[in-house]
1. Can you tell me which residue is farthest from the chain's Cα centre (by Cα) among those in the range 137-169 that are within 15 Å of residue 87 (Cβ to Cβ) and crowded, with 16+ Cβ neighbours inside 10 Å?
2. Which residue, of 133, 147, is at pLDDT 90 or above and part of a strand (DSSP E or B)?
3. Could you identify the single residue in 13, 98, 40 that is in contact with a Leu (Cβ under 8 Å, 6 or more places away or on another chain) and of a type in the set (S, T, N, Q)?
4. In the range 71-129, which residue that is small (Gly, Ala, Ser) and crowded, with 17+ Cβ neighbours inside 10 Å is farthest from residue 160 (Cα to Cα)?
5. Any residue in the range 48-66 that is outside any helix (DSSP H, G or I) and either open to solvent by 100 Å² or more (accessible area, probe 1.4 Å) or among the hydroxyl-bearing types (Ser, Thr, Tyr) (or both)?
6. Which condition breaks for residue 84 when tested against (1) basic (Lys, Arg); (2) part of a helix (DSSP H, G or I); (3) farther than 23 Å from residue 170 by Cβ?
7. Tell me whether the range 46-56 contains one or more residues that are within 48 Å of the chain's Cα centre (by Cα) and either at positive phi or touching a residue at least 12 places away in the same chain (Cβ under 8 Å) (or both).
8. Among 111, 70, which is the only one that is within 16 Å of residue 169 (Cα to Cα) and within 40 Å of the chain's Cα centre (by Cα)?
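The values are calculated or read from the model by the stated rules, or taken from the named source; none is laboratory data. All of these numbers come straight from a predicted model, not from anything done at the bench. Backbone-built Cβ (ideal geometry, glycine too); neighbour counts: all protein chains shown. All accessible areas refer to the heavy atoms of the entire protein, side chains included, with ligands and DNA or RNA removed. Shrake-Rupley method; radii C 1.70, N 1.55, O 1.52, S 1.80 Å.
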Amino acid sequence: MDPRYRKKLRPRSLTGAVLWGAAAILLCGALFAGARAWQSQQALQIQEAQLDLLKQARKKQAQQRPKPAELEEQRKWTAMQAERDFPWPAVFQAVERSNRKDIELLEFVPEKSTRHLILRGEAQSREAIVSYLEVLAAQPIVETAVLTHEQSSKHDKLMTYSFEIKIKLKA
């Protein structure tokens, strides 16, 4: 065979193609890694911006804590609202309707926030206390009436019974 053709007919070496293929694969890998790094950077910037917003909001909340004077004023307004909303006319009517000659009320203590009423007094007999408690419990504003304390005492020849009744008012 002619030496001129021998070089042209010889099979080509694949070394060049393999090198070009390896270079292409490395280029694709580098592009992929760069794209992932860019996405991670963008996500990090977004998270940092959100973190800054949260820090600013927290600073504002910390600065907006009420002062002791404001808390005291709010407490007073709440107490005044409880005073205004307490059903005074119905309570006084219930106590007046239940009034008896053998019962003497000494103390009338309303607990406005819990809608309770404490009555302290003296009676001539235990039966009078029980009767008073029954009449008081039958009043429309009264949810429950409970005798919480009873004590007998003797003043000269007169025997009296001191008592305490706790009343829960209807809402």
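1. Across the range 137-169, the extreme among qualifying residues is 139.
2. Residue meeting the stated conditions: 147.
3. Numbers: 13 fails: in contact with a Leu (Cβ under 8 Å, 6 or more places away or on another chain); 40 fails: in contact with a Leu (Cβ under 8 Å, 6 or more places away or on another chain).
Matching residue, one of 13, 98, 40: 98.
4. Per the stated criteria, the residue is 94.
5. Yes, the range 48-66 contains a residue that is outside any helix (DSSP H, G or I) and either open to solvent by 100 Å² or more (accessible area, probe 1.4 Å) or among the hydroxyl-bearing types (Ser, Thr, Tyr) (or both).
6. (3)
7. no
8. Values: 70 fails: within 16 Å of residue 169 (Cα to Cα).
One residue alone meets the criteria, 111.
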